[in-house]
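The structure appears below as structure tokens.
The values are calculated or read from the model by the stated rules, or taken from the named source; none is laboratory data. Quick caveat, the model's predicted, so the values are computed rather than measured. We place every Cβ from the backbone using ideal geometry, glycine too, and count neighbours over all the protein chains shown.
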Amino acid sequence: MITLQGKGVFGGIAIGEIAFYKRDSGVIQRRKVEDTDAEVQRFEDAKAEAIRELGELYDKAVSEVGESNAMLFQTHQFMLEDLDYVEAITNMIKTQSINAEYAVSATGDNFSQMFAAMDDDYMRERAADVKDISARVVKILSGVSENGLVTDKPVILAADDLAPSETVQLNKDMVLSFVTQGGSTNSHTAILARTMNIPAIIGIGTALDEKYEGKQAIVDGQSGSLIIDPDEATMAVYVKKKEEHMEKQRLLQQLKGKETVSLDGKKVKLYANIGNASDIGAVIQNDAAGIGLFRSEFLYLENSDFPSEEEQFKVYKYVAETLAGKQVIIRTLDIGADKQIDYFNLPHEENPAMGYRAIRICLTQKEIFRTQLRALLRASAFGNIAIMFPMIIALEEVLEIKRIVKSVMAELDESGIPYNKEIQLGIMIETPAAAMISDDLAKEVDFFSVGTNDLTQYTTAVDRQNANLENFYYPHHKAILRLIKMAADNAHKNGIWIGICGELGADMELTETFLAMGIDELSVSPACVLPLRQKIRETSVKDRQEEILKDVL
Ligand code: PEP
Ligand code: MG
């Protein structure tokens, strides 16, 4: 039994086998193996699978392009059985105690060079073939598939870290938990785990080695421990803990249908964050009063090209209709920084978090923005949609956004297309600049929503993606709380509401502080809705606002 320690970013217990996320990096790592016989067997199994695949390709080719053209696949099958080739690989594994992938790849390269140097034309042509068959076997050995997760049962997914473009492609039903070498508290892998209501551990470091592939393990998302090959006694303890955790979650169900109101009578709009229309089930199950942040960029991340107005309209309409009159706040495209999409062809940047992202793209490539706005406005005829704009730093941006929205509305009017003319427009307060000028901004919009993930990053100059900075990550930093308070005061002075949709909204150590500031809305991962409702219902800040906020001010 081995225990690896990281940082738990979402509680709960998961028990299952570890499977590493597979990336076809093209680079084959050389690894030491202890059991060389088992490694030779892995090679034999992969070879048999390659021969089977080639048989299928042969049959398909015979029927489609005729036998003579299909012969190549048979030749490849024979080559895989070639004694010299097989012996070279098995010897390499045994004598050097190395992994099969490396042995196959190195032997493929050696044989290819040998063939290429021969005089005979026929033999020279075999140089490419031996590389081809080796690549096929390596691919099978490393289990590379389209979505990077190769499994037929739910697993604990291990990775160095996962990019948003990778997580969108995951078959979520097959993931019991995320455990990563790097990562940070507010990385999108952590946010995804919270949305999926599964435990997750980040920052385990290189101790999370691929040699643990296939091992039975326990994830304790609370303590951040990953226990590999647990002994019977430990397993029994965690099976019990898991049951207790589930029982707690069952008890929370009793809060469904109850109001989110503090002991001293402050009503809070308790909303949920989603990245995807498929998260709506969790929103409804957890009885959120609305959606406070729909990260619309995931619609773009899932696509291989710009989603059309019609495609977007259908999704927004579906979400609005399903929420049946409850508010749905859809944030416009927040691409760039950690969320990269190939077809946007964004230039490489030295400092992407401070670069061309979010509203900056929308205000530069206006057609992308107008398409999304048309889809959003059209969908607003079918439910209670509000639109929110990310990464605002200047009043001029808000004025420009409003001009564009007006002009899109005029277009819709001309075509007689219905939309909600009173639609609420809000902005994210996620840069210190926006918080500092929130008095001006509040006069131009209907609401604020504080993005504490980015606000923390930009206020403290700590890259939210950088695992090495976890020790410098101060979520309760006075500077951040002061900026939130400043934005809240300015919102209220100007008669608009303010919410928090960053991860800090669910931090129950701050619930009292947020209530004392008069925060009107909290939008959190669906799984955090009921625990937070319980917390708010147990909290009173009556006559204690000043005392609670004295540390902030
Ligand atoms: C935030 O920055 O707090 C936020 C909610 O937006 P995202 O995490 O998508 O950047
Ligand atoms: Mg943000």
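So which residues in the stretch 342-360 are on the phi < 0 side of the Ramachandran plot and buried (at least 21 other Cβ atoms within 10 Å of the Cβ)?
R357, I359
With Q534, Q457 as the choices, which residue is polar (S, T, N, Q), more than 22 Å from I393 (Cβ to Cβ) and modelled with pLDDT of 95 or more?
Q534
For the structure I just gave you, tell me whether G265 is surrounded by fewer than 14 Cβ atoms within 10 Å (Cβ to Cβ) and either touching a Leu at 6+ places or on another chain (Cβ under 7 Å) or within 23 Å of L530 (Cβ to Cβ) (or both).
When the stated conditions are applied, G265 passes them.
When residues of the stretch 461-500 are filtered for being at pLDDT 95 or above, within 13 Å of ligand 1 (Cβ to nearest atom) and not aliphatic (A, V, I, L, M), how many remain?
1
Provide a single number: the residues in the stretch 275-306 that are of a type in the set (S, T, N, Q) and in contact with a helix residue (DSSP H, G or I) (Cβ under 6 Å, 6 or more places away or on another chain).
2
Can you list the helices (runs of 4 or more DSSP H) found entirely within the stretch 11-96 that contain at least 3 residues being under 32 Å from the mean Cα position of the chain (by Cα)?
Filter on the stretch 11-96 gives an empty set.
Kindly evaluate I484 against the criterion of being over 15 Å from L293 (Cβ atoms) and crowded, with 24+ Cβ neighbours inside 10 Å.
Yes; evaluated as a whole, the condition is true for this residue.
For the list (1) hydroxyl-bearing (S, T, Y); (2) free of Cβ contacts under 8 Å to residues at least 24 places away in the same chain; (3) within 26 Å of L323 (Cβ to Cβ), I need the number of the one condition that S415 fails.
Here S415 clears every test but (3).
Mind checking which residues of the stretch 487-504 are in a helix (DSSP H, G or I) and surrounded by fewer than 18 Cβ atoms within 10 Å (Cβ to Cβ)?
Residues satisfying the conditions are D489, H492, K493.
Taking Q372, is it in contact with a strand residue (DSSP E or B) (Cβ under 6 Å, 6 or more places away or on another chain) and under 19 Å from C501 (Cβ atoms)?
Answer is no for this residue.
Filter the stretch 421-440 down to the residues that are touching a strand residue (DSSP E or B) at 6+ places or on another chain (Cβ under 7 Å) and away from ligand 1 (no atom under 13 Å from the Cβ) and list them by number.
Within the stretch 421-440, I423, Q424, L425, S438 qualify.
Name the strands (runs of 3 or more DSSP E) wholly inside the stretch 362-470 in which the number of residues that are within 14 Å of ligand 2 (Cβ to nearest atom) and in contact with a helix residue (DSSP H, G or I) (Cβ under 9 Å, 6 or more places away or on another chain) is 3 or more.
Of the strands (runs of 3 or more DSSP E) lying wholly inside the stretch 362-470, those with at least 3 residues that are within 14 Å of ligand 2 (Cβ to nearest atom) and in contact with a helix residue (DSSP H, G or I) (Cβ under 9 Å, 6 or more places away or on another chain) span 425-429.
In the set Y300, Y343, Y318, which member is within 16 Å of ligand 2 (Cβ to nearest atom) and free of Cβ contacts under 8 Å to residues at least 60 places away in the same chain?
Y300
Kindly indicate the residue of the stretch 489-516 that is farther than 17 Å from Q545 by Cα and among the β-branched types (V, I, T) and also farthest from ligand 2 (Cβ to nearest atom) among those meeting that condition.
Across the stretch 489-516, the extreme among qualifying residues is I496.
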